[in-house]
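Asks: Structure incoming, see below.
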Amino acid sequence: MAENGKQIRLTAGEIGQLFLQYLNDSSSICILSFFLEKAEDVEIKPLIEFALELSKSHIQKITAILTEEKNVVPNGFNIKEDVDITAPRLYSDSFVLNFLNQMSKVGLTTYSGSVGTSVRNDIRSYYMDCLSETMQLYDKTTDLLLKKGLYIRSPNLPNLEKVEFVKKQWFMLDVIGEKRPLVAAEVDNLFANLQRNSLGVAALTGFSQVAKDKDVKQFFLKGLEVGNKHIKLFRGKLEECKLPAPMGWDSEITNSTAHTFSDKLMMFFTSGLISLSIGYYGTAVSQSPRGDLGSLYNRLSLEVQMYSEDGANIMIKNRWLEQPPMAADRDELIRKSK
């Protein structure tokens, strides 16, 4: 694109975000198309349609940008190869509504980050539009969850009666046999990470039922072990302070074992969940002054990273992992020129 009469190329941040968003939206089209085909709730169905149209619109706009810049368009995912919309229902409409709500929260974070890494005015404008659309999706799904009594709120805390200041290092460090109560940010992060893990475990349970490749199925089963372990640890920290913890989503998965999504699509989606977990755990570390919590999140992050490596190896082995835009390998170019 030309600005002030000069041709402005995409930066690394811009091309990287566009590449990843294309993959995310093409996978979303497959998943949302299946959800829409199976939806029965007349209030939830329009929200699935809204989310699906957003993803389709994003694919068109990204394709146009990449084509204009003479960049290759990623393969991504498509309905013919990566989903069987005639397969039996795999998740309930209530699960799908919560899925949309959680994914809209993720979108609010990623799109705001994309705005911050974009320089060209057309790319900035595009991501600001994405952010505005995702705010609408979050607003609509939150309202419907509240209306149906399905929204799981984080715990309430006592009202502050006066301003106080921390007087001892006890606030930051553990005392043998004693720990201070959780502060608001710690409660919120524990609750949100527990909730995200619960939704992820439900998704992986469905995936493990319909996966065909043996290694892929084992990968999902390992993910269930990891996710349930993290749920137990987060729930324990909340219960230490006599705070309630959200329940799981096991009852929202059907008994279907029919081919539904391609193994490639499910592996990509799971890899995305893993990346999000690492990011959210990092945020929780920065907002958790209590030493045991920082140690816990760091330990769990390492566990998730090791699990992520297993997934990457499976995707590379099956040629499912599209290589993102990279800097030029100057040494290799020099060797070729000799």
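Asks: Filter the range 119-139 down to the residues that are surrounded by fewer than 18 Cβ atoms within 10 Å (Cβ to Cβ), more than 19 Å from the chain's Cα centre (by Cα) and assigned to a helix (DSSP H, G or I) and list them by number.
Replies: Once the filter is applied, which keeps residues that are surrounded by fewer than 18 Cβ atoms within 10 Å (Cβ to Cβ), more than 19 Å from the chain's Cα centre (by Cα) and assigned to a helix (DSSP H, G or I), the range 119-139 yields 121, 122, 124, 125, 128, 129.
Asks: If residue 295 satisfies every condition in (1) more than 26 Å from residue 93 (Cβ to Cβ); (2) open to solvent by less than 20 Å² (accessible area, probe 1.4 Å); (3) of a type in the set (Gly, Ala, Ser); (4) part of a helix (DSSP H, G or I) but one, which is the exception?
Replies: The number of the failed condition is (2).
Asks: Then there is this: Given the conditions (1) touching a Ser or Thr at 6+ places or on another chain (Cβ under 8 Å); (2) loosely packed, with under 15 Cβ neighbours inside 10 Å, and given that residue 209 satisfies all but one, which numbered condition is not satisfied?
Replies: (2)
Asks: Out of the range 214-247, which residues are surrounded by fewer than 15 Cβ atoms within 10 Å (Cβ to Cβ), touching a residue at least 12 places away in the same chain (Cβ under 8 Å) and in a loop (DSSP other than H, G, I, E, B)?
Replies: Selection gives 244, 247.
Asks: I've got another one for you. What is the number of the single condition among (1) in contact with a Phe, Trp or Tyr (Cβ under 6 Å, 6 or more places away or on another chain); (2) of a type outside the set (S, T, N, Q); (3) without any contact (Cβ under 8 Å) to a residue 24 or more places away in the chain that residue 265 does not meet?
Replies: (3)
Asks: If only one of 77, 50 is modelled with pLDDT of 95 or more, under 25 Å from residue 112 (Cα atoms) and part of a loop (DSSP other than H, G, I, E, B), which one is it?
Replies: On the way: 50 fails: part of a loop (DSSP other than H, G, I, E, B).
When all the criteria are applied, what remains is 77.
Asks: With the condition kept exactly as written, say whether any residue in the range 298-307 is of a type in the set (Gly, Ala, Ser), under 21 Å from residue 188 (Cα atoms) and in contact with a helix residue (DSSP H, G or I) (Cβ under 8 Å, 6 or more places away or on another chain).
Replies: Yes: one or more hits.
Asks: Return the pairs, sorted by first residue and then second, in which the second residue is among the β-branched types (Val, Ile, Thr) and open to solvent by less than 40 Å² (accessible area, probe 1.4 Å), the first residue lies in the range 54-69 and is touching a residue at least 60 places away in the same chain (Cβ under 8 Å) and over 17 Å from residue 12 (Cα atoms), the beta carbons are less than 6 Å apart, and the residues are 6+ apart or on different chains.
Replies: none
The values are calculated or read from the model by the stated rules, or taken from the named source; none is laboratory data. The shown structure was predicted, so the numbers you read here are calculated from the model rather than taken from an experiment. Glycine also receives a Cβ, built like all others from the backbone with ideal geometry; neighbour counts cover every protein chain displayed. The accessibility values were calculated without ligands, DNA or RNA, using every heavy atom of the protein model including side chains. Shrake-Rupley method; radii C 1.70, N 1.55, O 1.52, S 1.80 Å.
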